[in-house]
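Let me begin by presenting the structure, written as structure tokens, before commenting on it.
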Amino acid sequence: MLYADKINRHYHFYHKLFICFQFWHVISHEHGVDYSSGRFQGTSALQLERINVFFNATASKRFYARAICIDTEATTIENLHKRSSLYRPENFVAGTDSAGNNFARGYHTDGAEILDAVLNAIRREAESVDSLQGFQILHSIGGGTGSGLTALVMNALIDEYPDNLISNYVSIPSPQMSQVVVEPYNALLSMPSLIHNSHLTFCLDNEALFQIVSRNLKMAVSGYEHINHIVALTMSGITTCLRFPGQLNAGLRKLYVNMIPFPQLHFLIPGFAPLISCKQKEFSQGTVGELVQQIFSSNNLLCAVDLRHGKLLTAAGIFRGRMSPREVDQLMTNVRNKNLSSFVEWIPNNIKTAICDIPPRGLKMSATFIGNTSAIHKLLQRILDGSSIMLRRKAHLHWYTGEGMEEQEFIDAQKDLQDTLDLYKRSGEDDSEKMNPEGTTCPGCNEGNDQK
């Protein structure tokens, strides 16, 4: 995702393409762009005011998505291309063979074969932007392409664009819903790149998403359609202030400055409200107070993390719809004051709010939550434990060493993950002197260059 100072410009690199499909559906409707044809059919000037954030206009007044879609095999992205004229044909980059659920193939062999084509597509789009500031990546780390190829691309981005921000929306494998035996290895090997190269990592968990559909929405889970829509709504909420004017504004770079106390502590938990069933809507008051209560509930988080098992380092609420900024600030402050034990003491003003007057399609108001919590260490521990069990017996290791990897790379990845896990644990302790930011800086994390 590329974006600029005044007119934000974004490009997206997708592996989790069906979430991509839902995301572009959501924001094209919000901006009045017909998803099939790319023609503007909106009714408000506000829909066009910042449309260049995510869309580019052609001479024929058609809009196309500022997106680059990548895969090691062409089948998936060809299906996406057939669904809509919203995507620019030359921004589809694919190889000839699947990465076969193997990080090593995505990073060393099949992914490496298309890296130059990927970087050429990125350069072509980057050169058309006046002031490049960053990239946004949506991918999974359970498979070979989303883990290996993404890590390869991120390494190249850091080398070529060292001063630009990278944010990731990451689908993290769940042991309760695993379909690939080597998912723990792929997730582990993805972590060094996420730790050292990403600035904002939004963690998504299929287990938590399925629970939201069945528990909150009271719906039978028959596929990924509802899950992808929830993720798309949340992504839409996080990017709202980039795309529409508001009373209180918060761009991604401002979020980075306010949400990340140390560069290594950038693994964020997103949430969304309202997420209630049709029957519950009959009894809902539809107030800002209800939204605030819901976004701080673990039941509304898109990752299987219980906020009660840690402390919030920082939190942000992005609200949409007509509401009073004073009321929002008061309610968010009250949450902190009534739950001081749930927030770290060493960051006194650690809640940020943003308000956009334009609600999502079909809702009068909504709220998107972003939390940086020490409870994330349980999710990181899950990734570490899952890989350690297999690595102890060197199970399935030959599939990776046969593609050019060494066992030491697994050990180094475990050390990186353990260091981050320990840092998050210490961050939840009251004594700020126990925090040791030394050694946590990562390439591209130029704290002195947050604002241009």
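The values are calculated or read from the model by the stated rules, or taken from the named source; none is laboratory data. Quick caveat, the model's predicted, so the values are computed rather than measured. Cβ atoms come from the backbone with ideal geometry, glycine included; neighbour counts cover every protein chain shown. For the accessible areas, the whole protein counts, side chains as well, though only heavy atoms, and no ligand, DNA or RNA atoms are used. Shrake-Rupley method; radii C 1.70, N 1.55, O 1.52, S 1.80 Å.
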For this session: Starting from residues that are in a helix (DSSP H, G or I) and within 30 Å of W24 (Cα to Cα), keep the ones in region 331-379 and report whichever is modelled with the lowest pLDDT.
Result: L379
Exercise. What pairs can you find where one residue is in region 66-90 and more than 23 Å from S128 (Cβ to Cβ) and assigned by the TED database to the domain that holds W24, the other is of a type in the set (V, I, T) and surrounded by fewer than 14 Cβ atoms within 10 Å (Cβ to Cβ), and their Cβ atoms are less than 9 Å apart, with a gap of 6+ or different chains?
Worked result: T72/T96; E73/T96; A74/T96
Exercise. Among the numbered criteria (1) open to solvent by less than 10 Å² (accessible area, probe 1.4 Å); (2) in contact with a strand residue (DSSP E or B) (Cβ under 9 Å, 6 or more places away or on another chain), which single criterion is violated by M365?
Worked result: (1)
Problem set entry | Test set (1) closer than 30 Å to A104 by Cβ; (2) among the charged types (D, E, K, R); (3) crowded, with 22+ Cβ neighbours inside 10 Å - R320 fails condition number | (1)
For this session: Could you list all residues from region 36-48 that are surrounded by fewer than 18 Cβ atoms within 10 Å (Cβ to Cβ), part of a loop (DSSP other than H, G, I, E, B) and not hydrophobic (A, V, I, L, M, F, W, C)?
Result: S36, S37, Q41, G42, T43, S44
For this session: Would you list the helices (runs of 4 or more DSSP H) that sit entirely within region 160-244 and hold 3 or more residues that are over 23 Å from G371 (Cα atoms) and either open to solvent by less than 10 Å² (accessible area, probe 1.4 Å) or at pLDDT 95 or above (or both)?
Result: 183-197
For this session: Please state which one of K61, K16 is modelled with pLDDT under 80 and open to solvent by 20 Å² or more (accessible area, probe 1.4 Å).
Result: K16
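Looking at V292, is it open to solvent by less than 10 Å² (accessible area, probe 1.4 Å), modelled with pLDDT of 95 or more and not in a strand (DSSP E or B)?
On the way: open to solvent by less than 10 Å² (accessible area, probe 1.4 Å): yes; modelled with pLDDT of 95 or more: yes; not in a strand (DSSP E or B): yes.
For V292, the condition - open to solvent by less than 10 Å² (accessible area, probe 1.4 Å), modelled with pLDDT of 95 or more and not in a strand (DSSP E or B) - is met.
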